[in-house]
Structures are given as C-alpha cells and as structure tokens.
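The values are calculated or read from the model by the stated rules, or taken from the named source; none is laboratory data. Quantities reported herein were computed from a predicted structural model and do not represent experimental measurements. Please note: Cβ atoms are built from the backbone with ideal geometry, for glycine as well, and neighbour counts cover all protein chains shown. The accessibility values were calculated without ligands, DNA or RNA, using every heavy atom of the protein model including side chains. Shrake-Rupley method; radii C 1.70, N 1.55, O 1.52, S 1.80 Å.
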Amino acid sequence: MRHKTIVLDNGGHTIKLGMQGVNKNPRIVHNGVFRSDRDKITYVGKELDGCTDFGALNYRLPFEKGYLVDWDVQKAVWDGLMYGKQLGVDPPDASLLITEPYFDLPKIQDVYDQFVFEEYEFKSYYRCTPASMVPYGDLFSQRGLPPPECMIVVDCGFSFTHVVPIMSGSIVWNAVKRIDIGGKVLTNHLKELISFRQWNMMDETYVINEVKEACCYVSQNFKQELELCKANPQSNPIVCEYILPDYSPTRTGRIRQPGEQAPETAQILSMGNERFTVPEIVFRPDDIGMEQMGLAATIAHTISLLPEDLQGMFWANIGLIGGSTKFPGFKQRLITELRALAPVDCMVELYQATDPIVSAYTAAYTFASQPAFQQRLVTRAEYLESGSSACRRKFKDWKGSTLRGNDGVSGKGKGRAREDTTDSGSEETEEAEVVPVKKGTKGKGRASVGRPKDK
C-alpha cells in the first residue's frame, strides 16, 4: 500500500495544498475568513472562490505580523481542506508535511504539534520553513550539473522578506536576515496613495491587491522615471488606466487597452508613478520611514557573515521565491544592484521559478517522495509518549543553530535587516508567549468599490 502524504505550504495569504504523488500542481486557497457587507455571506478559505462580489469584504486572517496567532480562523480553514473529499484521504491515514514561519516561537510550534496529532490525528508529520525545502526542488537546476551546496534563498512573502543562506541542505541561521516588507505592506501602501490622490479605496483591499498585481513593476531607473511623471503627470508612457470592476459577469477589473472605449458608467483608476514607487519599497524601505537596508544590501550583508572562502558560491546561487518577486523587472533590478555590491572576482547569478508562489510547495512535493523524508517524520506514537519534545529533537530550526559564520558569532538568530538580533539561546525567547486569540476580531481591509473620496 502506497504511503499517503499531504503537502501543505501554509502561507499568510494563501495555502498551497496537494497530495504527494497526485497533485504536483497544488490547489491554492485563500487563508482566512471573509465576510461580505453586501450579501452578508461569510466565506471560509476555499469558499471565497464562489464569491461574486469582492467589494466591502471584511478580512480575518490567522497570521499577524508573520506569525500564526488566530488558531480559530486557521482551524476553520484547515477543517474545510482536511475533511470531506478535498484530498481523498482521512488525516489518520496520512502523513503531513507543513511549512511554518521563520524564527517561529516555541509556544506556537507546540500548538502546531497539538493540532496535527490531537485535533486531526495525523499518523506522522514534518514541520519546516519554506526555504529549507528549496534545495530539493528545481529552482537551481542546470543541465548536467548537480544542485549547488551553497545558496541564498530570497523569500518575499506576505508579511516579511527573508534572506536565507543554505549550506549543504541546512539553513545557516546566524546569517538569516529579515526585512519588514511583504506583499501586505505594498498593498496597504498603494491603497493609501490611491485614496489620497483619487478614489477612497481604504475599504478595497481585495481590489487594490488585484490592481497592484496587474499594474505595478520595478523600475530600472527610478529617478529618471519619477522625473518623467513629474514633468507630465497625465500623459506619459508610464501612465495606464485600470477599469474598476462592478462584479457583473461582463465587467471585471482590467487594464484599459489603447483605443478601448470604456463604458459610460465605468470608474477608471489612473495609475502613474504609483506603478513603480510601490514596489520600490522593497529596495528602499527608507522611502516609508523604515530604518532598514534594502534587499540588495541585505543580501550582501548576509553573505558577508558566511565563511569567506565560500562567499563566491553564495553570490553565484541566489534564488527568488514568493509572490512579490513576480513584479516585472524585479530580477533585473536586483541583479544590477547586487553586481555593484559584489566583489569584482565574484559572479552574480539569480534564479527564478516560472511561478515563485508555488516554488516551496513543488520542492516540498519532491522531498516528500524521498527516503530522507521518512527519516525526519515524527509519528503520533512518539508524540503521545514524549509530547512536543519529540518534535524538537527531530525538526531542525533556529533554536538549535550552532554554525559559525565569518564574524565568528555562534548561535545568534539575526532575523532582521537592521542591527537588532535575537539570541536563540536566551531564556526570554524560550518563554515568549503567543498573543491570545480574541474571538470575533476582524482584520483590516473592508472593501467598497468605486466610492468617490469625500471632499
């Protein structure tokens, strides 16, 4: 009988889910509970696919500031996926491979273990970070060459952007850096800009996220394009018009094509320098007052903390995953800035998957078919005997990091791009508590398309 394994990439924005050996292309589900103010219907996770009007949509998300804190919402979403005929297998008959945030707190990890073994009663499971799965995928694959031993994974996620060095399949935790910029920050910033300049879109999180994905790009010459927009704000090659949706079957949100006649009742959003100033935040967080290094400088700083004789290998193997790396021009801009920071004798190479959103899932899908996966599993019997201690012994994470970098520092979990550090051995970290769940709390992001801004 073939061993059944569920692969679940549990992201802050979407869940990528599938059965190993069956679903190489995952099912993508929104991770949250949503309520429409118009039709008064509540949508849980996968049910949002049946929504016809995304205006006036209230969000309640399980992740807050990158960590899973609202377990009531997460359980509601998981219930809709684990039970029924979604996967064709019951949890007690399967193993689970699930991803967790970087630098996850011990108390939160304990709750993961409790849900997996006590609530869903999985036969066995393995918990890891998204970047730790990348070496098993095809992101760095080249014909005739084995996978590199040293690599940098840039994970631009929903809440944060992490720069993760990996050596011989293991994360070098003392050199991991975090920038407090993710897809949510970019969407909220665009929402504020449009609300200040044109329409009141503060309640239109879903719509603005679609506008961001359709219109925004990374500029290769930021100063020049900014001057071009300043000289002629209404008519220049950068300006594009986005027709806001009315959620009828005949009119969804879209970019207005040259020469296209817009309907008389259409509400049109004019996108000028917002198209490139919003993604620019990833490269210049100080544009919105954040005292952190940009992405290129953070990557260079991470590499400087690694063994000096191996740094050239890290410069030559930099991979991009996460939805925010899909902006047109992202890879070109990053490689331009990195080449200016790299040593002259080092070659800089960037690798990007066809769909960075599912890169971690596809790598985890491949890993779940290998013998090494079976050796890392914690069984339900082991959990019932030892509790979460069984998981701590088998799952490698930041608390057990002892590798030394170029600076000679050992056991430091430097999680942020600025100078603050997290001591993985401190008692304060071990005693950190999860934010208590407040039932009925709703997230930000109400939506009401096309309401003119109050004057």
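Determine, yes or no, whether P263 is surrounded by fewer than 20 Cβ atoms within 10 Å (Cβ to Cβ) and of a type outside the set (S, T, N, Q). Spelling it out, P263 is indeed surrounded by fewer than 20 Cβ atoms within 10 Å (Cβ to Cβ) and of a type outside the set (S, T, N, Q).
Evaluate the range 328-348: report whether one residue or more is open to solvent by 20 Å² or more (accessible area, probe 1.4 Å), farther than 21 Å from P135 by Cβ and in contact with a His (Cβ under 9 Å, 6 or more places away or on another chain). No, every residue in the range 328-348 fails to be open to solvent by 20 Å² or more (accessible area, probe 1.4 Å), farther than 21 Å from P135 by Cβ and in contact with a His (Cβ under 9 Å, 6 or more places away or on another chain).
Scanning the range 373-413 for residues that are modelled with pLDDT under 90 and among the hydroxyl-bearing types (S, T, Y), we see that the one that is least open to solvent (accessible area, probe 1.4 Å) is S401. If only residues of the range 51-80 that are assigned to a helix (DSSP H, G or I) and touching a Lys or Arg at 6+ places or on another chain (Cβ under 7 Å) are counted, the one that is least open to solvent (accessible area, probe 1.4 Å) is V73.
Taking residues in the range 205-234 that are closer than 27 Å to K184 by Cβ, and partners anywhere that are among the β-branched types (V, I, T) and assigned to a loop (DSSP other than H, G, I, E, B), the pairs with Cβ atoms closer than 6 Å and at least 6 places apart or on different chains are V207/V449; C216/V278; C229/I238.
I'd like to know if the range 231-247 contains one or more residues that are assigned to a helix (DSSP H, G or I), out of contact with any strand residue (DSSP E or B) (no Cβ under 7 Å at 6 or more places or on another chain) and among the hydroxyl-bearing types (S, T, Y). No; the residues of the range 231-247 include none that is assigned to a helix (DSSP H, G or I), out of contact with any strand residue (DSSP E or B) (no Cβ under 7 Å at 6 or more places or on another chain) and among the hydroxyl-bearing types (S, T, Y). Does L105 satisfy the criteria of being closer than 30 Å to I299 by Cα, open to solvent by 10 Å² or more (accessible area, probe 1.4 Å) and aliphatic (A, V, I, L, M)? Considered against the rule, which asks whether it is closer than 30 Å to I299 by Cα, open to solvent by 10 Å² or more (accessible area, probe 1.4 Å) and aliphatic (A, V, I, L, M), L105 comes out as yes.
Please find, within the range 26-50, the residue that is farthest from C128 (Cα to Cα) out of those that are part of a loop (DSSP other than H, G, I, E, B) and modelled with pLDDT of 90 or more.
If we take residues in the range 26-50 being part of a loop (DSSP other than H, G, I, E, B) and modelled with pLDDT of 90 or more, then G32 is farthest from C128 (Cα to Cα).
A quick yes/no check of all residues on (1) in a helix (DSSP H, G or I); (2) within 26 Å of V89 (Cβ to Cβ):
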| site | (1), (2) |
| --- | --- |
| Q114 | yes, yes |
| E118 | yes, yes |
| P135 | yes, no |
| F140 | no, no |
| P148 | no, no |
| D155 | no, no |
| S159 | no, no |
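Only residues that are open to solvent by less than 10 Å² (accessible area, probe 1.4 Å), assigned to a helix (DSSP H, G or I) and out of contact with any Pro (no Cβ under 7 Å at 6 or more places or on another chain) were counted across the range 81-102, and they come to 2. Suppose the filter is touching a Ser or Thr at 6+ places or on another chain (Cβ under 7 Å), open to solvent by 10 Å² or more (accessible area, probe 1.4 Å), part of a helix (DSSP H, G or I) and within 29 Å of G12 (Cβ to Cβ); does N209 pass it? The answer is yes for N209. Are any of the residues in the range 138-151 surrounded by 24 or more Cβ atoms within 10 Å (Cβ to Cβ) and either free of Cβ contacts under 8 Å to residues at least 12 places away in the same chain or not aliphatic (A, V, I, L, M) (or both)? Looking for residues that are surrounded by 24 or more Cβ atoms within 10 Å (Cβ to Cβ) and either free of Cβ contacts under 8 Å to residues at least 12 places away in the same chain or not aliphatic (A, V, I, L, M) (or both), one finds none in the range 138-151, hence no.
Residues of the range 272-287 being touching a helix residue (DSSP H, G or I) at 6+ places or on another chain (Cβ under 8 Å) and open to solvent by less than 60 Å² (accessible area, probe 1.4 Å), which ones? Within the range 272-287, G272, N273, E274, R275, F276, T277, V278, P279, E280, I281, V282, F283 meet the criteria.
Beta carbons closer than 7 Å, at least 6 apart along the sequence or on distinct chains, never pair a first residue in the range 263-274 that is among the hydroxyl-bearing types (S, T, Y) with a second that is modelled with pLDDT under 85 and surrounded by fewer than 21 Cβ atoms within 10 Å (Cβ to Cβ).
Total residues in the range 262-283 satisfying the condition of being of a type outside the set (A, V, I, L, M), under 21 Å from the mean Cα position of the chain (by Cα) and in a loop (DSSP other than H, G, I, E, B): the figure is 1. Total residues in the range 14-25 satisfying the condition of being surrounded by fewer than 21 Cβ atoms within 10 Å (Cβ to Cβ) and over 15 Å from D355 (Cα atoms): the figure is 4. Only one of the listed residues (L269, L320, L295, L306) is open to solvent by less than 30 Å² (accessible area, probe 1.4 Å), farther than 26 Å from I171 by Cβ and among the hydrophobic types (A, V, I, L, M, F, W, C). That residue is L269.
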